[in-house]
1. Can you say whether GLY72 is modelled with pLDDT under 95, out of contact with any helix residue (DSSP H, G or I) (no Cβ under 7 Å at 6 or more places or on another chain) and exposed (fewer than 14 other Cβ atoms within 10 Å of the Cβ), as far as the supplied structure shows?
2. Return yes or no: is LEU102 under 13 Å from the mean Cα position of the chain (by Cα), within 17 Å of ASP16 (Cα to Cα) and buried (at least 20 other Cβ atoms within 10 Å of the Cβ)?
3. Exactly one of (1) at pLDDT 95 or above; (2) assigned to a helix (DSSP H, G or I); (3) of a type outside the set (Lys, Arg) is unmet by TYR123. Its number?
4. Please find, within region 81-99, the residue that is surrounded by the most Cβ atoms within 10 Å (Cβ to Cβ) out of those that are under 11 Å from the mean Cα position of the chain (by Cα) and of a type outside the set (Asp, Glu).
5. Residues in region 32-54: is at least one touching a residue at least 24 places away in the same chain (Cβ under 8 Å) and of a type in the set (Ser, Thr, Tyr)?
6. Name the single residue that is surrounded by the fewest Cβ atoms within 10 Å (Cβ to Cβ) among those in region 105-117 being assigned to a helix (DSSP H, G or I) and in contact with a strand residue (DSSP E or B) (Cβ under 9 Å, 6 or more places away or on another chain).
7. Keeping to region 74-104, report how many residues are out of contact with any strand residue (DSSP E or B) (no Cβ under 8 Å at 6 or more places or on another chain), closer than 24 Å to GLU54 by Cα and of a type outside the set (Asp, Glu).
8. Counting residues that are touching a Ser or Thr at 6+ places or on another chain (Cβ under 7 Å), which strands (runs of 3 or more DSSP E) fully inside region 1-102 reach at least 1?
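The values are calculated or read from the model by the stated rules, or taken from the named source; none is laboratory data. Remember, it's a predicted structure, so these values are computed and weren't measured experimentally. Reconstructed Cβ throughout: ideal geometry from the backbone, glycine too, with neighbour counts over all protein chains shown.
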Amino acid sequence: MILLTPELREQLRANDLARIEALRSGDPAPDPVPVVRFFNPVGAATWLATELDEDDIFFGLADLGFGCPDLGSFALDELQSIRLPFGLGIERDTLFEGAFPLSVYAEAACRAGSLIEGERILYRAARAAKGGA
């Protein structure tokens, strides 16, 4: 699977450039909605990315499945180099659409001890706020 399409790369780069420009002009750094979600199809590791720099380093939220999701950087080539059982590799969630700023995902994931559980809590709360079940 191609982890990063040209369209996703463009969105991630635009977020990185917006952050750089905000910092250059003395404004607070933006808190963008994640653009892409990667996951281990045979494990618990999950990554949300909001930015990509010119060296193909993402910024986002990483949860390797040890109970301590963390904001930080991770490299595209490292994700692409991971070899899993059955000839699998890291996958991109082709149905992912970010719904909250990265800081909201990060707070929920840290409280829940898992990005996946944090997402469940956020989406459940959003449905309840809209009057859904």
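1. Details: modelled with pLDDT under 95: no; out of contact with any helix residue (DSSP H, G or I) (no Cβ under 7 Å at 6 or more places or on another chain): yes; exposed (fewer than 14 other Cβ atoms within 10 Å of the Cβ): yes.
So GLY72 fails the test.
2. Numbers: under 13 Å from the mean Cα position of the chain (by Cα): yes; within 17 Å of ASP16 (Cα to Cα): yes; buried (at least 20 other Cβ atoms within 10 Å of the Cβ): yes.
Yes: the conditions hold for LEU102.
3. (1)
4. Going residue by residue through region 81-99, those that are under 11 Å from the mean Cα position of the chain (by Cα) are 92-93, 96-98.
Next cut, of a type outside the set (Asp, Glu) only: 92, 96, 98.
Numbers: ARG92: 19, PHE96: 15, GLY98: 17.
Per the stated criteria, the residue is ARG92.
5. yes
6. Our first condition is that a residue be assigned to a helix (DSSP H, G or I); within region 105-117, this holds for 105-112, 115-117.
Going one step further and asking which of them are in contact with a strand residue (DSSP E or B) (Cβ under 9 Å, 6 or more places away or on another chain), we end up with 105-106, 109-110, 115-116.
On the way: TYR105: 26, ALA106: 21, ALA109: 26, CYS110: 18, LEU115: 27, ILE116: 14.
Per the criteria, the residue is ILE116.
7. The first filter runs over region 74-104 and keeps only residues out of contact with any strand residue (DSSP E or B) (no Cβ under 8 Å at 6 or more places or on another chain), leaving 77-78, 80-89, 94-95, 97, 99-101, 103-104.
Now restrict to residues that are closer than 24 Å to GLU54 by Cα: 77-78, 80-82, 89, 94, 97, 101, 103.
Going one step further and asking which of them are of a type outside the set (Asp, Glu), we end up with 80-82, 89, 94, 101, 103.
Residues meeting the conditions: 7.
8. Working: elements: 36-39, 46-52, 57-63, 70-75.
Here the list reads 36-39, 57-63.
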